[in-house]
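The numbers here are math on the coordinates, done by the rules we state, and not lab data. Treat the numbers as computed from the prediction; the structure is a model and nothing was measured. Cβ: placed from backbone, ideal geometry, glycine included. Neighbour counts: every protein chain shown.
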Amino acid sequence: MNQKPFTRTCPTCSVEIGYLALKSRNNAEKAGADCFDCALKKVKAKNKEEKKAKYDKRYLIFDEEKNQIMLAIWNESDSWDEANGKAYPLWRKFKSQARPKVWTRNCPECKCVIEYKTTSARNFSERNNSFCVNCAYKGERNPFYGKKHSKETIDKVLKTKETSPAWQAQVAAKRTPEYRAEASKNSMGKKNPRYGMGSLKDIWTRKYGAEEAEKRWNEWRAKESTASKGERNPMYGKPSPQGSGNGWSGWYKDWFFRSLGELSFMINVIERFNFQWKTGESRKYVVEYVDYAGQTRNYFPDFILNDKYLVEVKPKKLHDTPKILAKTKAARLFCEKNNLKFKIIAPKPFTETEILDMYLSGTIRFTDRYEEKFRKLRMLD
C-alpha cells in the first residue's frame with residue numbers, strides 16, 4: 001500500500017513528491033512549493049546572496065585593485081566564516097593604509113605645523129598645549145637655562161668624539177663626493193626645511209631686527225669657528241678621503257691623482273725617471289703650520305720620492321701666496337727634523353688635447369664627480 005497516496009511534480013526538478021493528506025498536496029500545489037532538495041538549495045542560495053551582500057558592503061570599499069583581492073577571497077571560500085576569517089586581516093591592513101599618515105596641529109608659540117602619527121597623540125598634545133621641539137626647550141623651558149658646561153666637560157666631550165672610531169668613520173663618510181651629492185639632492189628646493197626663508201641671518205633679521213641679527217650672526221660664526229679649530233677638528237691630522245677636494249681627481253694606471261698637476265708630475269717626473277714613490281697622505285708625514293690668521297693647521301705633502309724628497313706640487317703662480325709660503329716654511333722645518341729634502345715643483349701643464357687623448361684611450365679615468373663634469377664639458381654624451 002502506498003504510504004503517500006497523493007502526489008504532485010516538483011516545479012523545479014520535476015521529481016514526484018508524495019503527501020499523506022490531500023489538503024497538504026493541494027496547499028503545496030497552490031503555493032508552487034518545491035521538493036525538499038530544491039527548497040534547501042534555494043534557501044542556501046538566498047543565504048549566500050545575503051551574506052555576499054553583507055560581505056560586499058563590509059569589504060569591497062577600497063580601490064579596484066584591493067576590491068579584486070577581496071572578491072577573490074570570497075570566490076575561493078566555501079563559507080561565510082572562511083571568507084570572513086581570511087578577509088578581516090586584509091581589511092584592517094587596507095583601512096590602516098587608507099587613513100591619513102599624519103595628523104597635524106600648530107605650535108601655540110611659533111605657529112609651525114606639528115605632525116603626529118595618531119589622533120590620540122595629537123589630541124593629547126592639544127589638551128596639554130604642547131610646543132614644537134624648537135619651542136619646547138626655548139628660554140626658561142630649557143632645563144639647562146642659565147647654566148653653562150665647564151671647560152673640563154667640553155674638553156672631555158670633544159676628546160671622546162675625536163677618539164671614537166665610529167665618530168671618525170661617520171665624519172669621513174660625510175666628506176665623500178657621493179654623500180655630498182646625495183645630501184645636496186635631498187635638501188634642494190622645497191625639500192629644504194628653510195626653503196623660501198632666506199639665510200639664517202635673514203631669518204634672524206625678520207625676527208629680531210637688523211642690529212640683533214648682526215650680533216647673533218657674528219657670535220654664531222665665532223662659535224662655529226672655535227668648535228672646529230686645530231685638534232678639535234675631527235679630521236685634524238688625518239688625510240682627506242679619496243675624491244674630496246676641488247682638484248680634477250682620478251687614476252693614472254693604478255695611481256690616484258688629486259689634481260692635473262699631480263697627474264703631470266706622475267707622468268713627466270716619476271714615471272719618466274723611474275722614481276720610487278709613495279703618497280704623503282699619511283700621519284707619518286703630516287706637517288703642522290700656522291696660517292696668516294694665526295690658526296694652527298696641518299697638511300699632507302703630495303709625494304715622497306725615494307724616501308728622500310718631500311714634494312709639493314703647485315702651479316708657479318701660487319708659490320708666493322701667504323698660505324703656500326706658510327706651508328713651505330713649515331715643510332722645510334719638518335724635513336730638517338726628519339732627514340728629508342723639501343721640493344716645491346710646478347710641473348708642465350697638459351693641453352686640453354693631451355688630456356682628451358689620455359681619457360679616450362683609457363690611460364686616465366676620473367672619479368665619478370669629475371667624470372660627469374668632463375663629459376659635459378667635452379660634449380661626449
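When the charge dipole of the chain is built from unit charges on Cβ atoms (+1 for Lys and Arg, -1 for Asp and Glu) and taken about the Cα centre, the candidate among Ile73, Cys107, Gly18 whose Cα reaches farthest toward its positive end is Cys107.
The HN-Hα couplings worked out from phi for the range 54-59 by the Karplus form 6.51 cos²θ - 1.76 cosθ + 1.60 (θ = phi - 60°) are 5, 5, 4, 5, 7, 10 Hz, whole numbers, x standing for Gly and Pro.
Name the trypsin sites (Lys or Arg not before Pro) in the range 303-381 that are in a loop by DSSP and that have at most 13 other C-beta atoms within 10 Å, would you? The partial results should precede the final answer.
Numbers: sites: Lys308, Lys316, Lys317, Lys323, Lys327, Lys329, Arg332, Lys337, Lys341, Lys343, Arg365, Arg369, Lys373, Arg375, Lys376, Arg378; in loops: Lys308, Arg378.
Sparse-neighbourhood loop trypsin sites (Lys or Arg not before Pro): Lys308, Arg378.
Residue by residue, the range 48-53 carries 3J(HN,Hα) couplings of 5, 5, 5, 5, 5, 5 Hz when phi is fed to the Karplus relation 6.51 cos²θ - 1.76 cosθ + 1.60 (θ = phi - 60°); x denotes Gly or Pro.
Highest mobility in the GNM of the chain, judged by mean-square fluctuation with C-alpha springs under 10 Å and restricted to Ala181, Ala121, Ala172, is found for Ala121.
For Ser184 and Lys373 in the same chain, what is the full-extension length gain: residue separation times 0.36 nm, less their Cα-Cα distance, in nm? Write down the numbers at each step before the final one.
On the way: separation 189, 0.36 × 189 = 68.04 nm, distance 1.65 nm.
Using 0.36 nm per residue and subtracting the Cα-Cα distance, I get 66.4 nm.
Estimated from the Cβ-Cβ distance and a Förster radius of 41 angstrom, the FRET efficiency linking Glu76 and Gln168 is about 0.10. Only one residue of Thr328, Met358, Ala346 has its Cα farthest out toward the positive end of the dipole of the range 317-374, where Lys and Arg carry +1 and Asp and Glu -1 on Cβ, and that residue is Thr328.
Stretched out straight at 0.36 nm per residue, the stretch from Cys112 to Asn129 would grow longer than its current Cα-Cα span by 4.8 nm.
For the range 67-73, putting each phi into the Karplus relation 6.51 cos²θ - 1.76 cosθ + 1.60 with θ = phi - 60° gives couplings of 5, 5, 5, 5, 5, 5, 4 Hz, in residue order, rounded to whole numbers and with x for Gly and Pro.
Place a +1 charge on the Cβ of each Lys and Arg in the chain and a -1 charge on the Cβ of each Asp and Glu, then give the dipole magnitude about the Cα centre in debye, rounded to the nearest 20.
Numbers: 77 positive and 48 negative charges, 234 e Å.
In debye, rounded to 20, the chain gives about 1120.
Pairs of Cα atoms nearer than 8 Å and 6+ residues apart set the relative contact order; for the range 282-321 it is 25 percent.
Other residues with beta-carbon under 15 Å from the beta-carbon of Arg180 carry, at +1 per Lys or Arg and -1 per Asp or Glu, a net charge of +1.
Only sites in a loop by DSSP and with at most 11 other Cβ atoms within 10 Å count here; which trypsin sites (Lys or Arg not before Pro) in the range 142-175 make the cut?
Sparse-neighbourhood loop trypsin sites (Lys or Arg not before Pro): Lys147, Lys148.
Mean-square fluctuations from a GNM of the chain, with a 10 angstrom spring cutoff on Cα atoms, peak among Tyr289, Tyr137, Tyr59 at Tyr59. Each residue, Asn67 and Lys30, gets one label point 7 Å from its Cα in the Cβ direction; the gap between the two is 4.6 nm. Under the criterion of Cα pairs below 8 Å and six or more residues apart, the relative contact order for the chain equals 8 percent.
Dividing the helix sum by the residues of the chain, where each DSSP H run of 4 or more adds -39500 (n - 2.57), gives a mean residue ellipticity at 222 nm of -14500 deg cm²/dmol.
Which of the aspartates and glutamates could a cross-linker span from Lys323 if the Cα-Cα distance has to be under 18 Å and same-chain partners fewer than 8 positions apart are dropped? List returned: Glu288, Asp291, Asp302, Glu312.
Each label point was placed 7 Å from the Cα along the Cα-to-Cβ direction; for Thr7 and Tyr145 their separation is 10.0 nm. Which label marks the calculated value of semi-axes √(5λ) of the Cα gyration tensor in Å, given the options (1) 45, 25, 19; (2) 82, 35, 19; (3) 33, 23, 19? Among (1) 45, 25, 19; (2) 82, 35, 19; (3) 33, 23, 19, the one derived from this structure is (2).
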